Amino acid sequence: SYAEFLRKQGRFDEAIEHYKKAIDYSPGFLASHKGLADSYLFKGEYGLAREQYRNYYKRLSGNYSKFNALFLEASVDLHENNLEAAMKTMDKYTDLAEELDLPFYKVSGEIYKGYILCERGKTEDGWKHYSKAIYMMKEVGLGENTNENTENLSHLVEFSGLTSNGDLAKAENARQKCEKRLTKSGKPDDWQRYYRMWGILEMKKGNYRQARKYLAKAYEHPMKWYYMGLVWEKSGNQRKARKWYEKVANHYDNSIDLGIFRNKALAGLKE
């Protein structure tokens, strides 16, 4: 717990010392392994971070937890701005999902491949993965999840993919269909994802006030924080933009989403 406090304060060397002590006391306490890897990552020691995330992966007993560990390994590639390596790591994710025959994770892997590529400017390639995910949901479903959940996610993915791909007319049409669907059966998490994408869509249309309004309704997440900063930057308010970029840059709890947006936020702070 003390190591976690230190890491969140940006005191990475001290955090590493205490995570190692925690691991000496209890090697099976997995949160310490993840925290140690995070600390190496934010210190800029990417090789040690990758090694530690792989060690974390090996220690996990449940197959489901291993997917998140692969996300963390891919995040190191993204922090290093190595898109090719990140996609190869994501191939491990989809290969594992295929091996275990887990439909939800097969779909999730394709969605995240699309998400990563679009946020790195490879929008056409990204849309191919989004399209594949939509097709898979319609043909196979999500396995343990209900048809209702599958339908909601399918609409959200289509809306997200078209918005990311920059086809604003089609994205607006997908938004309206998504809203109609969620009005019938959307859960709070579905709505928050919807509002996040609606905010990004309005930003791309140049409607910055509306963009901020909808982004404010989304859950707290590196994607939301980055786009809040970008909206303020496009509005001409660099001071408020910096506030949001700093929120991404100084969030010392690693995830695949942080890997996607942290360098973009850091670039925003340099401008």
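The values are calculated or read from the model by the stated rules, or taken from the named source; none is laboratory data. Given the structure is predicted, the values throughout are model-derived calculations rather than measurements. Heads up, the Cβs are rebuilt from the backbone with ideal geometry, glycines too, and the neighbour counts pull from every protein chain shown. For accessibility, only protein heavy atoms count, side chains too; no ligands or nucleic acids. Shrake-Rupley method; radii C 1.70, N 1.55, O 1.52, S 1.80 Å.
Report the full-extension gain for the segment ASP13 to ARG54: residue separation times 0.36 nm, less the Cα-Cα distance, to one decimal in nm.
Residue separation times 0.36 nm, minus the Cα-Cα distance, leaves 12.7 nm.
For region 140-247, give the percent of accessible area contributed by carbon and sulfur heavy atoms, probe 1.4 Å, rounded to a whole number.
Here it works out to 45 percent.
Using unit Cβ charges (K, R positive; D, E negative) and no other charged atoms, how large, in debye to the nearest 20, is the dipole of region 1-62 about its Cα centre?
200 debye
Tell me the net charge near TYR245. Cut-off is 9 Å between Cβ atoms, TYR245 excluded, with +1 for each Lys or Arg and -1 for each Asp or Glu.
+2
Where Lys and Arg each count +1 and Asp and Glu each count -1, what net charge lies around GLY268 among other residues with Cβ under 10 Å from its Cβ?
Counting the neighbours of GLY268, the net charge comes to 0.
Among residues other than ASN55 whose Cβ falls under 15 Å from its Cβ, what is the net charge (Lys/Arg +1, Asp/Glu -1)?
The answer is +2.
Just in region 1-97: which GluC sites (Glu not before Pro) are loop by DSSP and have at most 16 other Cβ atoms within 10 Å?
GLU45
Find the all-direction average of the projected area of the Cα convex hull for the chain, expressing the result in square nanometres with one decimal place.
Mean projected area of the Cα convex hull: 14.3 nm².
Using Cα pairs under 8 angstrom and six or more residues apart, how large is the relative contact order of region 1-120, in percent?
14 percent
Among LYS58/LYS88; LYS132/LYS224; LYS43/LYS128; LYS58/LYS92, which pairs are too far apart, with a Cα-Cα distance over 23 Å?
Over 23 Å apart, Cα to Cα: LYS132/LYS224; LYS43/LYS128.
At R0 = 45 Å, how high is the FRET efficiency between SER65 and ARG239 if r is their beta carbon distance? Nearest 0.05 is fine.
0.65
Where the Cα atoms of region 1-150 are projected onto their three principal axes, how long is each span, largest first, in whole Å?
Ordered largest first, region 1-150 gives principal extents of 50, 33, 24 Å.
Mind listing the Cα extents of region 128-271 along all three principal axes, in Å, largest one first?
Sorted largest first, the three principal extents are 46, 31, 28 Å.
Please get the size of the charge dipole for the chain, origin at its Cα centre, with Cβ charges of +1 on Lys and Arg and -1 on Asp and Glu, quoted in debye to the nearest 20.
For this selection, approximately 1180 debye.
Against the longest principal axis of the chain, how steep is helix 30-43, in degrees 0 to 90 to the nearest 10, with axes from Cα atoms?
That helix lies at roughly 80 degrees to the long axis.
With unit charges on the beta carbons (Lys and Arg positive, Asp and Glu negative) and the dipole taken about the Cα centre of the chain, which residue among GLY166, ILE134, THR123 sits farthest to the positive side?
Highest projection toward the positive end goes to GLY166.
Which one of SER39, SER61, PHE12 has its Cα pushed farthest toward the positive end of the charge dipole of region 1-63, where Lys and Arg give +1 and Asp and Glu give -1 at the Cβ?
SER61
For the chain, what is the calculated [θ] at 222 nm in deg cm²/dmol (nearest 500), taking -39500 (n - 2.57) for each run of four or more DSSP H residues and dividing by its residue count?
My calculation for the chain gives -26500 deg cm²/dmol from helical runs alone.
Helix 46-59: angle to the longest alpha-carbon principal axis of the chain, degrees 0 to 90, nearest 10?
Helix 46-59 sits roughly 90 degrees off the main axis of the chain.
Averaged per residue, what accessible area in Å² does the chain show with a 1.4 Å probe, protein chains only?
Normalised by residue count, the accessible surface of the chain is 48 Å².
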